[in-house]
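The values are calculated or read from the model by the stated rules, or taken from the named source; none is laboratory data. Since we're looking at a predicted model, the values are computed, not measured. Quick reminder, even Gly has a Cβ in these numbers, built from the backbone with ideal geometry, and neighbours come from all protein chains shown. For accessibility, only protein heavy atoms count, side chains too; no ligands or nucleic acids. Shrake-Rupley method; radii C 1.70, N 1.55, O 1.52, S 1.80 Å.
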Amino acid sequence: MAVEAPIRIGILGCAEIARKLSRAISLSPNAALSAVASRSIDKARAFAVANGFPPHAKIYGSYESLLDDPDIDAVYVPLPTSLHLHWAVLAAKKSKHLLLEKPVGLNVSEFDTILEAVDSSGVQLMDGTMWMHHPRTLAMKDFLSDADRFGQLKTVHACFSFAADPDFLKNDIRVKPDLDGLGALGDAGWYCIRSILWAANFEPPKTVIALPGAALNESGVILACGASLHWEDGKSATFHCSFLSNLTMDITAIGTKGTLHVNDFVIPYQEKEAYFSTGTETGFNELVTGWVPQPSKHVVITDLPQEARMVREFANLVGAIKNGSKPEKKWPIISRKTQLILDAVKASIDKGFTPVEVVY
């Protein structure tokens, strides 16, 4: 049986996150780091050298020239969110499969335009939410899906914050209204919203209410915010995201019979292993001085870091399309739902923290 040729991936732009993805593509057994483009060819060349691109990788001084290369199968797009609409649509029109950084657009209407281009070209789209591809995520989902150990989901609480330094708060693209106008909500909040939807089997809530007290910079970009989400069946969730408080990456999911805790869900403490804890039908001992039974810790080992597993999954889907399969719709659907909730939170903040109905 012939060995499938690796999927040749080009990178549009030399963003900081692209360093991590360059390594991930190199580590992925079915992908090849084949090109990089910047608006400056010197910057692209320096990036390729610094990030261990193979000698045969192509260096481009414009995004268009990379997209015009017939030898590139797919592109990773880590550009500022305000540029996603233009470049993702163009990439799809040039028949390039898309690994698109989050948030996928400035709003769901932009993303719908990207989806139209993706659908008409028959290319695969996946967003860059890496933790979804860690084997721990599957193990946690097994627990949440277990009627005996977890029961029915009642509530989820998610938090992703990090303390950005003064230079970040002044100069990073994530605090610039013309580049990444969604700020902490689009960056850290995306992960929280995704984790809540993931725990709820991707059933969108009916109503979203932003929590009063959102912090905005002088340009009106969100630096910290939170929201509560409400479903018709009584489920609820909350999240908090921030550039202004200490590094925290928590999910707590509580069911009728069990509880899941994870404290490093976006980026595990260690690359090769990650853990989570679960408790089922937990109570107190007779004197109420301890818990019985105590929650158990589950360790999941992985051979490849989560970002390389994401690239491997993406490349698998692209390879299947080359062999006649249709694009996998699951990933664009999940991206759209996440963006939809993000939009609702932003709308609630803009409307003075009033409830916003989610229309899916």
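Laid out as a table, the results:
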item: Cross-link pairs beyond the 28 Å C-alpha cut-off, checked among LYS43/LYS326; LYS272/LYS337; LYS170/LYS337; LYS94/LYS329; result: LYS43/LYS326; LYS272/LYS337; LYS170/LYS337
item: Separation of the TYR360 and ASP167 label points, Cα + 7 Å toward Cβ, nm; result: 4.3
item: Accessible area expressed per residue, the stretch 7-129, with surrounding protein chains retained (probe 1.4 Å, Å²); result: 37
item: Anisotropy class of the stretch 7-129 from Cα gyration tensor, a/c 1.5 cut; result: prolate
item: Net lengthening on full extension, LYS297/THR252 (0.36 nm per residue, minus Cα-Cα); result: 14.8 nm
item: Highest-first arrangement of 117-123, 106-112, 336-342, 325-331, where packing means the average Cβ count within 10 Å; result: 336-342, 106-112, 117-123, 325-331
item: Of all accessible heavy-atom area on the stretch 7-129, the percent that carbon and sulfur account for (1.4 Å); result: 54
item: Net charge, MET249 excluded, C-beta distance under 14 Å - Lys, Arg +1, Asp, Glu -1; result: -1
item: Inter-centroid distance (Cα atoms) of the stretch 37-107 relative to the stretch 245-273, Å; result: 32
item: Carbon + sulfur, % of accessible area of the stretch 175-301 - ligands and nucleic acids excluded, 1.4 Å; result: 53
item: Probe 1.4 Å, accessible area per residue of the stretch 141-252, Å²; result: 41
item: Accessible heavy-atom area order of TRP291, TRP198, highest first, probe of 1.4 Å; result: TRP291, TRP198
item: Computed lengthening from SER219 to ALA139, 0.36 nm per intervening residue step minus Cα-Cα distance; result: 24.6 nm
item: Sum of -39500 (n - 2.57) over DSSP H runs of 4+, divided by residues of the chain (222 nm, nearest 500); result: -10000 deg cm²/dmol
item: Amide H within-cut-off set for LEU216, under 5 Å, with H built and near neighbours excluded; result: LEU223
item: Inter-label distance, nm, simple model (7 Å from Cα along the C-beta direction), ASN201/LEU179; result: 4.2
item: Formal net charge of residues neighbouring LYS102 (Cβ-Cβ distance under 10 Å; K, R +1; D, E -1); result: -2
item: Virtual spin-label span in nm between TYR269 and LYS43, 7 Å along Cα→Cβ; result: 3.8
item: DSSP-assigned coil residues among trypsin sites (Lys or Arg not before Pro) in the stretch 13-96, each with at most 15 further Cβ atoms within 10 Å; result: ARG39
item: Global form of the chain, assessed from the alpha-carbon gyration tensor, a/c cut-off 1.5; result: prolate
